[in-house]
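A.B. asks: Structure in structure tokens, see below.
The values are calculated or read from the model by the stated rules, or taken from the named source; none is laboratory data. Every value quoted in this text rests on a predicted model; they were computed, and no experiment measured them. Cβ placement follows ideal geometry from the backbone for every residue including glycine, while neighbour counts extend to all protein chains displayed.
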Amino acid sequence: MKKENVLQLISGLIAALFFYAAMSKLIDYDKSIGEMRNQIFPVAIAKVLTWMIPSIEITLVFLLLFRNTRKKALWASLFLLTAFTLYIAIVMTGVFGRIPCSCGGILKNMSYGTHLIFNLFFITLASLGLAVDNGWISYNRFVNLKNRKDLA
């Protein structure tokens, strides 16, 4: 598999996640705003976030699909996924005294621990995509091991 194909696969998986997440929020907007109002944020911020988060997710979907915007989109995806994951981790500590979040779609059936692992998987994908794209890791070292002469 070529480097570009690996980057397209990683970007496509992250884009699919964000597309699904955004659409599930926008299709059932009333439920989404109710869930957002259940968060720790003031109602005014919850209203803004109800539109802002899916808008960012949809924007990232498009940016991830094009080579010239992919690197910035991977960075933004990494940041957004990390923010979501930190929020889940904080919720899991019980610091808010209640569970303020219920996620929609396929995630609604996941425990917070499973959701945390799910997010960490996508954080790893985004990080791997950035590492390959930036040359921080050798693509050939991890993908073409059978072709390496130093293994003998």
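A.B. asks: Go through the stretch 32-44 and give me each residue that's surrounded by 14 or more Cβ atoms within 10 Å (Cβ to Cβ), part of a helix (DSSP H, G or I) and either hydrophobic (A, V, I, L, M, F, W, C) or touching a residue at least 12 places away in the same chain (Cβ under 8 Å) (or both).
C.D. replies: Of everything in the stretch 32-44, those that are surrounded by 14 or more Cβ atoms within 10 Å (Cβ to Cβ), part of a helix (DSSP H, G or I) and either hydrophobic (A, V, I, L, M, F, W, C) or touching a residue at least 12 places away in the same chain (Cβ under 8 Å) (or both) turn out to be 32, 33, 35, 36.
A.B. asks: Does the stretch 65-80 include one or more residues that are in a helix (DSSP H, G or I), within 18 Å of residue 15 (Cβ to Cβ), at pLDDT 85 or above and β-branched (Val, Ile, Thr)?
C.D. replies: Checking the stretch 65-80: at least one residue is in a helix (DSSP H, G or I), within 18 Å of residue 15 (Cβ to Cβ), at pLDDT 85 or above and β-branched (Val, Ile, Thr).
A.B. asks: Applying the selection to the stretch 1-44, what residues are farther than 21 Å from residue 119 by Cβ and polar (S, T, N, Q)?
C.D. replies: 5, 8
A.B. asks: Select from the stretch 68-79 the residues that are without any contact (Cβ under 8 Å) to a residue 60 or more places away in the chain and aliphatic (A, V, I, L, M) and write down the one among them that is nearest to residue 54 (Cα to Cα).
C.D. replies: Filtering the stretch 68-79 down to residues without any contact (Cβ under 8 Å) to a residue 60 or more places away in the chain leaves 68-69, 72, 75-76, 78-79.
Going one step further and asking which of them are aliphatic (A, V, I, L, M), we end up with 76, 78.
Details: 76: 14, 78: 16 Å.
Here the residue is 76.
A.B. asks: Shifting gears a bit: Condition first: part of a helix (DSSP H, G or I) and among the aliphatic types (A, V, I, L, M). Now tell me which residues in the stretch 1-18 satisfy that.
C.D. replies: Matches in the stretch 1-18: 6, 7, 9, 10, 13, 14, 15, 16, 17.
A.B. asks: When you look at residue 50, is it buried (at least 18 other Cβ atoms within 10 Å of the Cβ), free of Cβ contacts under 8 Å to residues at least 40 places away in the same chain and under 16 Å from residue 127 (Cβ atoms), yes or no?
C.D. replies: For residue 50, the condition - buried (at least 18 other Cβ atoms within 10 Å of the Cβ), free of Cβ contacts under 8 Å to residues at least 40 places away in the same chain and under 16 Å from residue 127 (Cβ atoms) - is not met.
A.B. asks: With the structure loaded, tell me whether residue 21 is buried (at least 16 other Cβ atoms within 10 Å of the Cβ), touching a residue at least 60 places away in the same chain (Cβ under 8 Å) and either in a helix (DSSP H, G or I) or not polar (S, T, N, Q) (or both) or whether it fails that test. Can you show your working first?
C.D. replies: On the way: buried (at least 16 other Cβ atoms within 10 Å of the Cβ): yes; touching a residue at least 60 places away in the same chain (Cβ under 8 Å): yes; either in a helix (DSSP H, G or I) or not polar (S, T, N, Q) (or both): yes.
Yes: the conditions hold for residue 21.
A.B. asks: Could you figure out which of (1) at pLDDT below 80; (2) touching a Lys or Arg at 6+ places or on another chain (Cβ under 9 Å); (3) in a helix (DSSP H, G or I) isn't true of residue 102?
C.D. replies: Among (1) at pLDDT below 80; (2) touching a Lys or Arg at 6+ places or on another chain (Cβ under 9 Å); (3) in a helix (DSSP H, G or I), residue 102 violates only (3).
A.B. asks: Can you confirm whether residue 91 is buried (at least 16 other Cβ atoms within 10 Å of the Cβ) and either at pLDDT below 90 or over 27 Å from residue 127 (Cβ atoms) (or both)? Before you say what the answer is, go through the steps one by one.
C.D. replies: Numbers: buried (at least 16 other Cβ atoms within 10 Å of the Cβ): yes; either at pLDDT below 90 or over 27 Å from residue 127 (Cβ atoms) (or both): yes.
Against the criterion (buried (at least 16 other Cβ atoms within 10 Å of the Cβ) and either at pLDDT below 90 or over 27 Å from residue 127 (Cβ atoms) (or both)), residue 91 qualifies.
A.B. asks: Going by the structure shown, is residue 26 surrounded by 14 or more Cβ atoms within 10 Å (Cβ to Cβ) and part of a helix (DSSP H, G or I)?
C.D. replies: yes
A.B. asks: So which of 60, 7, 13 ends up being surrounded by fewer than 17 Cβ atoms within 10 Å (Cβ to Cβ), within 21 Å of residue 120 (Cβ to Cβ) and either in contact (Cβ under 8 Å) with a residue 24 or more places away in the chain or in contact with a helix residue (DSSP H, G or I) (Cβ under 7 Å, 6 or more places away or on another chain) (or both)? Can you show your working first?
C.D. replies: Details: 60 fails: surrounded by fewer than 17 Cβ atoms within 10 Å (Cβ to Cβ); 7 fails: surrounded by fewer than 17 Cβ atoms within 10 Å (Cβ to Cβ).
Among 60, 7, 13, only 13 is surrounded by fewer than 17 Cβ atoms within 10 Å (Cβ to Cβ), within 21 Å of residue 120 (Cβ to Cβ) and either in contact (Cβ under 8 Å) with a residue 24 or more places away in the chain or in contact with a helix residue (DSSP H, G or I) (Cβ under 7 Å, 6 or more places away or on another chain) (or both).
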